[in-house]
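Heads up, the thing below is written out as structure tokens.
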């Protein structure tokens, strides 16, 4: 009996992790696509702070804006709403999946959901701030986090994949923009917004460059990027085999 009980708990944990990842990826994509970039219905609630974050990010991905643009602030409305959405959706799954109901009380399950949601925000802030070459310290006035953000291994294959994934989001402009997931890739593939390279031909065929960075991108509209050790990102043009460093001041 004990063996069956432990097997059920193990299966419940695996199912929970899979469902949590799927839901988190969906919410992450929707929040970024609709509200942070003001697409579709999100145009009513467009986050100007996030647009400013894009404007203050160099091609090298170093960001010169305030720390508040790089993390989820625990007291911010967006964080509270995302947490409530995750709690409501996973509450529904607790009711319909027997493994959850048989092995966890509702209160216990909600506490687990809340803790893993906070864990996600902690990971998001740690990894996203590292994309942009910033290290945010413990319990500052911006994020009110209770523990230090961790520093991911920037030379690991997973981090390099995620960093490239997010960099492509920043470098593709306007109609060409994609890769709205940040640390939980999935729904970009499902919704058709995944992109594997920089290609701004569509955008610049309809729009004139307005900033120094856009002028550079309009002259180099299609290129591949790759992440090298120590958080270094480089580009390679279509007619070249050489990996080049981005300008420091753009």
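Need one word for segment 157-245: rounded, prolate or oblate. Basis is the Cα gyration tensor (sqrt eigenvalues a ≥ b ≥ c); a/c below 1.5 gives rounded, then a/b vs b/c decides. The shape class here is oblate. Under a GNM of the chain (C-alpha, springs under 10 Å), which listed residue has the highest mean-square fluctuation: 195, 108, 83? So, out of 195, 108, 83, the one fluctuating most is 108.
Figure the gain on full extension for residue 39 and residue 220 (residue separation times 0.36 nm, minus the Cα-Cα span) and round it to one decimal in nm.
62.6 nm
Using a cutoff of 8 angstrom between alpha carbon atoms and counting only pairs six or more residues apart, the relative contact order for the chain works out to 18 percent.
Our helix-only sum for the chain, with -39,500 (n - 2.57) per DSSP H run of n ≥ 4 divided by its residues, gives a mean residue ellipticity at 222 nm of -16000 deg cm²/dmol.
In this label model, residue 56 and residue 191 are separated by 2.5 nm, measuring between points 7 Å along each Cα→Cβ vector. Taking Cα atoms only, the orientation of helix 77-96 departs from the longest principal axis of the chain by about 40 degrees. Our note on the geometry: Cα centres of segment 87-106 and segment 176-250, 41 Å apart. Placing dummy labels 7 Å off each Cα toward the beta-carbon, the span from residue 153 to residue 230 is 1.9 nm. May I ask you to derive the FRET efficiency for residue 244 and residue 135 from their Cβ-Cβ distance with R0 = 22 Å, giving the value to the nearest 0.05? After rounding to 0.05, the efficiency reads 0.25.
Taking the chain as a Gaussian network of alpha-carbon nodes connected by springs under 10 Å, the highest mean-square fluctuation of the residues 106, 16, 120 belongs to 106.
Using a simple spin-label model with pseudo-atoms 7 Å out from Cα toward Cβ, residue 19 and residue 210 lie 4.4 nm apart. The antiparallel fraction among DSSP beta bridges confined to the chain stands at about 100%.
Every read-out reported here was derived from the displayed coordinates using simple, explicitly stated rules and does not represent laboratory data. All of these numbers come straight from a predicted model, not from anything done at the bench. FYI the Cβ positions are ideal-geometry reconstructions off the backbone, even for glycines, and counts take in every protein chain you see.
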